[in-house]
Amino acid sequence: MSWAPRKRFGQNFLHDTDIIQDIIQVLHLKHADEVIEIGPGQGALTGPLLQHLSHLTVIEIDRDLADFLKQQYSASQLTLFQEDVLKFDFRQYFKQKGLRQNLRIIGNLPYNISTPCLFHLLESCDIIQDMHFMLQKEVVERLAALPGSKEYGRLSIMVQYYCKVEPVFSVPKEAFSPVPKVESAVVRLIPHQTKPYPVLDMKLFQSLTTQIFSKRRKTLLNAFKPLLTLQDFEALNLDSTLRPEVLSLETLVKITNYIYQNKGRD
Ligand code: SAM
């Protein structure tokens, strides 16, 4: 079937059968896995996924594509939500279905919503076994980036707080139709069962992360103004002349917890 792709829904359909098989292989699917595919589109991954699964749930915003998929697959095989994934309540879905095993999330994500979609899913990390996404290669590099690199920033910190990040393989643009402007890559995210560096206040952690990475060329002393003084840096055993971009997740969590415990609470 040929479909006029809708740009506003980030529709770049995957057509390279070798890449599709490579994705299926790295998933190591088990028949009874509880898989949700985000943005099934014309079903490039949906059909191959269903060859390995007894059932699949998909979330697709485009009504025409949702209708098409409903005609292709029986309701016993495929549960379809014609919805915006950013509004989909994964926790409620999990509860309503009375699931005993965590979800596996898969998707060739629409590039225009990939970052908000990742942040939305992080909120439900505790009910997710793993996530495999096709993303812009540049986004995968940011997810996996280490302190000190130019890709390292808010996205790296927030995703690495919740998940282990494993880039899996790169995908050339020609694997899609229409051909996008940039290269893609598949990434695996595995939520930590126990967070290696837990924060005491998530909102504070989020706002500090945003604050310091909007000032990445400044010194830590300037980036953390007015929250931290030189004495605080001494107490934290941290060089105040460093740049925010060299802070590890562990150190940023340490600073957050220090501020939470020592500052601004009456
Ligand atoms: N999985 C298909 C493939 O690999 O060929 C399609 C991938 S295409 C990059 C992204 C898909 O996500 C499209 O089908 C698009 O309609 C759907 N989509 C876009 N925005 C969405 C949203 N907010 N919620 C759910 N699906 C969305």
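The values are calculated or read from the model by the stated rules, or taken from the named source; none is laboratory data. What you see is a predicted model, and the numbers here were worked out from it, not measured in a lab. Positions of Cβ are backbone-derived with ideal geometry, glycine not excepted, and every protein chain shown enters the neighbour counts. We work out accessible area using only protein heavy atoms, side chains counted, and drop any ligands, DNA or RNA first. Shrake-Rupley method; radii C 1.70, N 1.55, O 1.52, S 1.80 Å.
Go through 60, 83 for me and flag whichever is acidic (Asp, Glu), under 30 Å from residue 154 (Cα atoms) and in contact with a Pro (Cβ under 8 Å, 6 or more places away or on another chain).
60
If you take the residues in the stretch 188-201 that are open to solvent by 40 Å² or more (accessible area, probe 1.4 Å) and more than 16 Å from the chain's Cα centre (by Cα), which one is nearest to residue 16 (Cα to Cα)?
Here the residue is 193.
Quick one: residue 126 ticks every box in (1) among the charged types (D, E, K, R); (2) more than 10 Å from the ligand (Cβ to nearest atom); (3) without any contact (Cβ under 8 Å) to a residue 60 or more places away in the chain bar one, so which box is it?
(3)
Look at residue 242 and say whether it is in a loop (DSSP other than H, G, I, E, B) and either surrounded by fewer than 17 Cβ atoms within 10 Å (Cβ to Cβ) or outside the structural domain of residue 101 (by TED's automatic domain parsing) (or both).
yes
For the subset of the stretch 165-187 comprising residues that are part of a strand (DSSP E or B) and within 14 Å of the ligand (Cβ to nearest atom), which member is most open to solvent (accessible area, probe 1.4 Å)?
Restricting to residues being part of a strand (DSSP E or B) and within 14 Å of the ligand (Cβ to nearest atom), the top hit is 177.
For residue 227, all conditions in the list (1) in a helix (DSSP H, G or I); (2) of a type in the set (A, V, I, L, M, F, W, C); (3) more than 19 Å from residue 146 (Cα to Cα) hold save one; what is the number of the exception?
(1)
Here are 38, 59: which of them is within 8 Å of the ligand (Cβ to nearest atom), touching a Phe, Trp or Tyr at 6+ places or on another chain (Cβ under 6 Å), open to solvent by less than 40 Å² (accessible area, probe 1.4 Å) and farther than 17 Å from residue 175 by Cα?
When all the criteria are applied, what remains is 59.
From the list 134, 158, pick out the single residue that is in a strand (DSSP E or B), in contact with a Ser or Thr (Cβ under 7 Å, 6 or more places away or on another chain) and hydrophobic (A, V, I, L, M, F, W, C).
Details: 158 fails: in a strand (DSSP E or B).
Matching residue, one of 134, 158: 134.
Taking into account only those residues within the stretch 41-56 that are of a type in the set (Gly, Ala, Ser) and within 13 Å of the ligand (Cβ to nearest atom), which is most open to solvent (accessible area, probe 1.4 Å)?
Within the stretch 41-56, the first condition is being of a type in the set (Gly, Ala, Ser), and the residues that meet it are 41, 43-44, 47, 54.
Restricting the remaining residues to those that are within 13 Å of the ligand (Cβ to nearest atom) gives 41, 43-44, 47.
Details: 41: 5, 43: 9, 44: 32, 47: 17 Å².
Checked the stretch 41-56; the qualifying residue most open to solvent (accessible area, probe 1.4 Å) is 44.
Can you tell me which of (1) surrounded by fewer than 20 Cβ atoms within 10 Å (Cβ to Cβ); (2) free of Cβ contacts under 8 Å to residues at least 40 places away in the same chain; (3) within 19 Å of residue 252 (Cβ to Cβ); (4) in contact with a strand residue (DSSP E or B) (Cβ under 9 Å, 6 or more places away or on another chain) is the one residue 84 doesn't meet?
Of (1) surrounded by fewer than 20 Cβ atoms within 10 Å (Cβ to Cβ); (2) free of Cβ contacts under 8 Å to residues at least 40 places away in the same chain; (3) within 19 Å of residue 252 (Cβ to Cβ); (4) in contact with a strand residue (DSSP E or B) (Cβ under 9 Å, 6 or more places away or on another chain), only one is false for residue 84: (3).
Could you tell me which residue of the stretch 69-95 is nearest to residue 119 (Cα to Cα), considering only residues that are of a type outside the set (D, E, K, R) and near the ligand (Cβ under 10 Å from one of its atoms)? Explain how you work it out, then say what you get.
So in the stretch 69-95, the residues of a type outside the set (D, E, K, R) come out as 69, 71-82, 85-86, 88, 90, 92-94.
Next, only the ones that are near the ligand (Cβ under 10 Å from one of its atoms) stay: 69, 81-82, 85-86, 88.
Working: 69: 27, 81: 20, 82: 21, 85: 12, 86: 9, 88: 13 Å.
Going through the qualifying residues, I end up with 86.
Return yes when residue 225 is of a type outside the set (Asp, Glu), open to solvent by 60 Å² or more (accessible area, probe 1.4 Å) and closer than 16 Å to residue 161 by Cα and no when it is not.
Considered against the rule, which asks whether it is of a type outside the set (Asp, Glu), open to solvent by 60 Å² or more (accessible area, probe 1.4 Å) and closer than 16 Å to residue 161 by Cα, residue 225 comes out as no.
Restricting to the stretch 9-19, and then to whatever is more than 8 Å from the ligand (Cβ to nearest atom) and in a helix (DSSP H, G or I), can you tell me which residue is surrounded by the most Cβ atoms within 10 Å (Cβ to Cβ)?
Selected residue: 19.
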